[in-house]
1. Report the antiparallel proportion of the DSSP beta bridges in the range 7-242 as a percent, rounded to a multiple of 5.
2. So, with +1 on the Cβ of K and R and -1 on the Cβ of D and E, and no other charges, what is the size of the charge dipole of the chain about its Cα centre, to the nearest 20 debye?
3. Starting from 0.36 nm per residue, how many nanometres of slack lie between TYR234 and SER132 once their C-alpha separation is accounted for?
4. What spacing in nm lies between the two simple spin-label points modelled at LYS201 and ALA49, each 7 Å away from Cα in the Cβ direction?
5. What is the helix-to-structure angle for 153-173, meaning the angle in degrees between its Cα long axis and the longest Cα principal axis of the chain, kept from 0 to 90 and rounded to the nearest 10?
6. With the crude spin-label approximation of a point 7 Å out along Cα→Cβ, what separation in nm comes out for LEU150 versus ALA168?
7. Would you compute, for the Cα atoms of the range 7-242, the largest minus smallest coordinate along each principal axis and list the three values in descending order, in whole Å?
8. Roughly what angle does helix 115-130 make with the longest principal axis of the chain, taking Cα atoms, 0 to 90 degrees, to the nearest 10?
Amino acid sequence: MLLKDKVVVITGGAGLNGLGFATARLMAAHGARVAVLDLERADPAAAAAQLGSGHLGLVADVTDKVSCETAAAAVLKSFGRIDALVNNAGITQPVKTLEISGADYDRILDVSLRGTLYMSQAVLPTMQKQGSGSVVCISSVSAQRGGGILGGPHYSAAKAGVLGLARAMAREFGPEGIRINSITPGLIGTDIIKGKLTEEKKAEIAETIPLARLGRAEDIAGACVFLASDLSLYCTGITLDVNGGMLIH
């Protein structure tokens, strides 16, 4: 029970086949009380109910600062503290550089990068009062290798921005006992790639990965549990690669 009695907030956590929900499920199994945040159409309350009793589902839009603050206040009202935040919410778009419109750029960066900032701002004052806390930011191998399989350059830029933001926050809040780290997933077999890659293409990609398979949502969930738990008490500002060896550097 690595997270016994800890309170964890996970953004973009309602998709039952996604990274966020896999993380919520594993954290709940390790004793955490979980607040699942997502847009109304994703039905975060239903996702939280799937975890069992004692968890919370809240409608929140990470691109809206007031929405983030309202959600954080609701978590505090229900649980009295916030021990960890997983900044998981993100969207992608498979386009080339010359095809990116201003609206595309804003939409992709707003969710991944602005959302990471706003939700972190919403929980950090509570963590400061507690003198402890862990923030886990989900970036992407796309940020490191200059593009991924599906995301366009603006997605790479957003996820690279997440790495820079997390490192800067780690320096700022480390003296207050707050750890801020990033995870860079490789290609993970979730709904985000559903219908976008044929089974043949997936097999081709798997052949290029040293561990010889695409990632699973549970692979990322395990890394999140590690970074939220006391096992990682001396880790801050790190980038934890979870990509099966797709990028070794």
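Each reported figure results from applying straightforward, stated rules to the coordinates on display, with no laboratory input. Owing to the predicted nature of the structure, the values given are computational and were not obtained by experimental measurement. Ideal geometry is used to build each Cβ from the backbone, glycine not excepted, and the neighbour counts take in all protein chains shown.
1. Values: 0 of 27 bridges.
Percentage antiparallel, nearest 5: 0.
2. Values: 23 positive and 23 negative charges, 70 e Å.
Approximately 340 debye in magnitude.
3. Details: separation 102, 0.36 × 102 = 36.72 nm, distance 1.24 nm.
Net length gain for the segment: 35.5 nm.
4. 3.6 nm
5. Around 30 degrees separate the two axes.
6. Each label point is offset 7 Å from its Cα along the Cβ direction, giving 2.9 nm.
7. The Cα atoms of the range 7-242 stretch 48, 35, 35 Å along their principal axes.
8. It works out to around 30 degrees.
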